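Shown below is the structure under consideration.
Nothing in this text is a laboratory measurement; each read-out follows from the coordinates by a stated rule. For clarity, every value in this text was computed on a predicted model and none was experimentally measured. FYI the Cβ positions are ideal-geometry reconstructions off the backbone, even for glycines, and counts take in every protein chain you see.
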Amino acid sequence: MKIPVLPAFILLISSGLYWQYICYASAVGEPWDADAYWTIWYPVSLVLSALAGFLLRSRWGLAGIIVTVAQLPVMWMNNGTGPLLVVGLIMLCGLSIPAGLVAMLVDRWATSRR
């Protein structure tokens with residue numbers, strides 16, 4: 001099952017707006033620089049990943065990966081390019097694993113209930 005392009009694009013934009021709001025509300029340039037990133041914002045993004053996985057029914061948890069990797073354009077817009085952008089991409093790859101797993105598990109749970 002493929003993820004439709006338009007819903008994936010809408011998910012990318014809405015996730016980017018979510019991460020940009022976190023930057024704005026916390027007065028930081030990168031979402032993970034926010035004080036409550038690990039206690040509030042990242043866990044909320046996992047819940048959003050689960051919801052996206054349920055709604056989009058994407059293969060391999062792609063919806064969760066989109067939610068997490070949407071931080072990259074936000075970091076780029078707020079801080080510009082630089083050598084640490086590559087480090088940020090690597091960190092986002094690691095952070096996207098739990099989000100992808102959550103989306104995949106919810107997708108499988110929803111599919112098995114049919």
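For residue 49, indicate whether it is small (Gly, Ala, Ser) and out of contact with any Gly (no Cβ under 7 Å at 6 or more places or on another chain).
no
Among the helices (runs of 4 or more DSSP H) contained in the stretch 5-114, which hold 1 or more residues that are in contact with a Lys or Arg (Cβ under 6 Å, 6 or more places away or on another chain)?
Output list reads 84-112.
Scanning the stretch 26-80 for residues that are among the acidic types (Asp, Glu) and without any contact (Cβ under 8 Å) to a residue 40 or more places away in the chain, which turns out surrounded by the fewest Cβ atoms within 10 Å (Cβ to Cβ)?
Result: 35.
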